[in-house]
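All of the numbers you see were taken from the coordinates with simple rules; none came from a lab. Everything numeric in this text was worked out from a predicted model, so none of it was measured. Cβ coordinates were reconstructed from backbone atoms using ideal geometry, including for glycine residues, and neighbour counts include every protein chain displayed.
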Amino acid sequence: MTNNLDARLASYSSPFLSIFRIVFGLLFTLHGSMKLFGWPLGQSVPIGTWPAWWAGLIECVAGLLITLGLFTHIAAFISSGEMAVAYFWMSWPPLEGPPASFWPLPQQVGGNGGEIAIMFCFAFLLLAGMGAGVWSIDARRRPTAAATTASRRSVGRFRR
């Protein structure tokens, strides 16, 4: 019974990856739009403010690219790096973070509040390695295996 369920769920791995990408991309876009435009909640950051405005720009642009599944590997890698910097710079006590606990849990329970940055960091690292999934612009742009093989055989002076 477990093997049947495992095989059945494995056949949905690419659509599940696409859903994962879309949800995390939308959440990241919302974080960026909040910093840039004050939408949907909060106030916008003044233009050019370091580092919040630039982080918002990365989050908004990369979040849209990730949501659409366009240049996903690159956008997710940049986003993962941004979130790693955000965690170590803003939440980790040995660096410039506020004097708080080492543990990345909510501040209400005594942690340093960095769990969202860590989750975004590793979610985007996963997408940087795995790709966008089947429901993406990247999947539409990628040539099929048969077309790639046929074009390789006929290119150049020598044919295989």
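Structural remarks
- Check on G63, in a helix (DSSP H, G or I) and surrounded by 21 or more Cβ atoms within 10 Å (Cβ to Cβ): yes
- Near pairs, Cβ below 6 angstrom, 6+ apart or cross-chain, from the stretch 45-71 (closer than 15 Å to A128 by Cα) to any residue that is small (G, A, S) and not in a helix (DSSP H, G or I): G69/A132; G69/S136
- Just one of the numbered conditions (1) hydroxyl-bearing (S, T, Y); (2) closer than 18 Å to A132 by Cβ; (3) surrounded by 14 or more Cβ atoms within 10 Å (Cβ to Cβ) is not true of Y87: (2).
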